[in-house]
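A quick write-up on the structure given underneath.
The values are calculated or read from the model by the stated rules, or taken from the named source; none is laboratory data. What you see is a predicted model, and the numbers here were worked out from it, not measured in a lab. Cβ: placed from backbone, ideal geometry, glycine included. Neighbour counts: every protein chain shown. Note: areas computed on protein heavy atoms with side chains; ligands, DNA, RNA excluded. Shrake-Rupley method; radii C 1.70, N 1.55, O 1.52, S 1.80 Å.
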Amino acid sequence: MALCAVGILLLALSPWVDRVSPAWLPPVQALIRVWASLALFGILIALLSRAWWSMTVFLVAALAACVVIVNLNVENCRPSERTVSLLVLNTEYSSTPPVEIAREVAKRDVDVLILAEVHTAYVEDLLAREELKDLTYRSGTTPDEIGTDGTVILSRFDGVPFHVEGEAATFGQPGFRLNIDGVTVTVRAIHPKPPIAKWLNDWHQGLRDLGVWQRTIKGEPIIMAGDFNASPAHPVFRYATHRMDFAAGRWARTTWPADRIYLPFTDIDHVVTRKLVALDHETLSFSQTDHRGIWTKLAICS
């Protein structure tokens, strides 16, 4: 049992290793909730067995895991009357039925819709629906072919679209400087490369680029939302979201993979903000995609 306890402790401490090699490290970090669960189970077994040393090691592992699982940055400012309803989803190669997205847009009175892995015909289908008639402003281009490229922001608020260069522009990742009742809010759709062996360096650099970029947005509200392909268990994600607040609150629900016989085990889809506060937040299930969607209602801090 002692050897098992040490092993779980090492796995629980992996989120403090900021490396892209060996290739198995980012996936191990992404399993932090599994290591936390095993540590809690180990505490129980060690307690029943009166294995006090092992119980102590399991306890340290559980605490180490909780440090990155629990979101410490959660804005609690006084909300203004300026609000925005935001829906975010990775459609997995334009597979999610547009009728499901349209239904949620209408149900939740969505102001800003962010979609990843969409192609031109898919977006045109969505925009032809009555439920999206108010989302008349757009940032982001889409390819004609189905693939991972193609990310869009659709908005009922007018604004100035913008694009970035470098690895932070992977799969599109467009931006929109929206005018929300007289206040400029910078919105950025997020979708870097995933941390698979051939893209590990690009994944790491893309998230670091996001961290550098968000630090340039000073003195105004900012929203970064989408499929980050990373969780707080990844040091580079924590760098990308440094001093930003989690709309999900203290404990984010898992969002991936959502199409398996087992429950999602990691949270890689996020809405992070600055100078905004979450009034409401939910993860939503859609068919034919391996991601859960995120809906949140935000208010600009007064």
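Per-structure values
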quantity: Top-ranked residue of the stretch 43-87 - restricted to ones that are open to solvent by less than 50 Å² (accessible area, probe 1.4 Å), polar (S, T, N, Q) and under 18 Å from the mean Cα position of the chain (by Cα), ranked as nearest to Ala278 (Cα to Cα); calculated: Ser85
quantity: Thr170 vs. criteria surrounded by 15 or more Cβ atoms within 10 Å (Cβ to Cβ), in contact with a Gly (Cβ under 6 Å, 6 or more places away or on another chain) and more than 27 Å from His242 (Cα to Cα); calculated: no
quantity: Among (1) on the phi < 0 side of the Ramachandran plot; (2) without any contact (Cβ under 8 Å) to a residue 40 or more places away in the chain, the one test that Arg50 misses; calculated: (1)
quantity: Those residues of the stretch 121-148 which are open to solvent by 60 Å² or more (accessible area, probe 1.4 Å) and within 26 Å of Val185 (Cβ to Cβ), in sequence order; calculated: Leu127, Arg129, Glu131, Lys133, Asp134, Thr136, Tyr137, Arg138, Thr141
quantity: Pairs where the first residue, in the stretch 215-226, is farther than 23 Å from Leu115 by Cα and free of Cβ contacts under 8 Å to residues at least 40 places away in the same chain and the second is open to solvent by 70 Å² or more (accessible area, probe 1.4 Å) and of a type outside the set (S, T, N, Q), C-beta under 9 Å, 6+ apart; calculated: Arg215/His242; Arg215/Arg243; Gly219/Lys275
quantity: Residue list for the stretch 149-171, restricted to those being in contact with a Pro (Cβ under 9 Å, 6 or more places away or on another chain) and free of Cβ contacts under 8 Å to residues at least 60 places away in the same chain; calculated: Asp149, Gly150, Val152, Ile153, Pro161, Phe162, His163, Val164, Glu167, Ala168, Thr170, Phe171
quantity: Condition met for Phe228 (touching a helix residue (DSSP H, G or I) at 6+ places or on another chain (Cβ under 7 Å), open to solvent by less than 20 Å² (accessible area, probe 1.4 Å) and not polar (S, T, N, Q)); calculated: yes
